[in-house]
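FYI, it's all coordinate maths here, none of it is from the lab. None of these values were measured; they are calculated from a predicted model. Neighbour counts run over all protein chains shown; Cβ positions are idealised from the backbone, glycine included.
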Amino acid sequence: MRQRLKKHVPNAITCANLFSGCLGIVFAFQGNLLYAAYALFLAAVFDFFDGFASRLLQSFSGIGKDLDSLADMVSFGVLPSVIIYELFLQAPQIEHVSPYLNYIAFLIPVFSALRLAKFNIDERQTEIFIGLPTPANAILIASLPLILQQHTAFSTFILNPYGLACFVLIMCSLLVAEIPLMSLKFKNTDVHNNIYRYVLISISAISIVVFKFVAVPVILFMYITLSVIQFRIAK
């Protein structure tokens, strides 16, 4: 009985991730982008802990892997696309352009699906990532309405329909790009082996304290930059 219960703990946490993503979609379509962002952050927390629970309990299964991808598709694919779509609606509408341009937001779940499908069969991604992970992309998107609340001056840049369209295309490209990125999973605490992870965590902690949600784009940029430096030096 205990063994069976232990087997289902990670899957239960994954289902909580999915449930949070569904709630976030409802909030987003209601125009409550702040709650939608918080729901996405909560889904990201559950996404972290389902993997942590799997390793801690030594409970790995095929269904768990597939369930995780399905939950991520909703929470980190569909939900961020709805947030972007609602941001498009808040932006100044361009006659004869916006009714079509706004739907570019839904390229995000398309490329997220490609990213997740590729991850499941790509044997290179056991210890690193190839392309931007869907949670990282989703967290960046979720930070946008929070940045708008924190600094209304950024609305000129964030609520620009052409800027949003370019942003979507860039993020979609990063999801499927053949760029090796470091995993944040620590196998040990050795400073030499984890120097780039420690640098990223240190910068992230300082940036969040100082800049709050504005730090999220900076952290993502540093993550990609440090990963490129790490793998260039490794070569």
Return the ratio Rg/(2.2 N^0.38 Å) for the chain, where Rg is computed over Cα atoms only.
-> 1.04
Based on the alpha-carbon gyration tensor of segment 119-235 and its eigenvalue square roots a ≥ b ≥ c, which shape applies: rounded if a/c is under 1.5, prolate if not and a/b is larger than b/c, or oblate?
-> oblate
Determine the gain in length on full extension of the stretch Val9-Ile94; use 0.36 nm per residue of separation and subtract their C-alpha separation, reporting nm with one decimal.
-> 25.7 nm
In what sequence, highest mean first, do 98-104, 69-75, 162-168 appear when ranked by Cβ atoms within 10 angstrom?
-> 69-75, 162-168, 98-104
Given Gly51, Val78, Leu174, which one lies farthest toward the positive end of the charge dipole of segment 2-178, if we put +1 on the Cβ of every Lys and Arg and -1 on the Cβ of every Asp and Glu?
-> Gly51
Can you give the angle from 0 to 90° between the axis of helix 62-73 and the longest principal axis of the chain, with both taken from C-alpha atoms, to the nearest 10?
-> 20
Please order His151, His96 by the number of other Cβ within 10 Å, starting at the fewest.
-> His96, His151
Taking only C-alpha pairs under 8 Å that are 6+ residues apart, what is the relative contact order of the chain in percent?
-> 19
Which of Arg197, Arg55, Arg115 fluctuates most in a GNM of the chain (C-alpha springs under 10 Å)? That residue is Arg55
Acute angle (nearest 10 degrees) that the helix 79-90 long axis makes with the longest principal axis of the chain, alpha-carbon atoms = 10
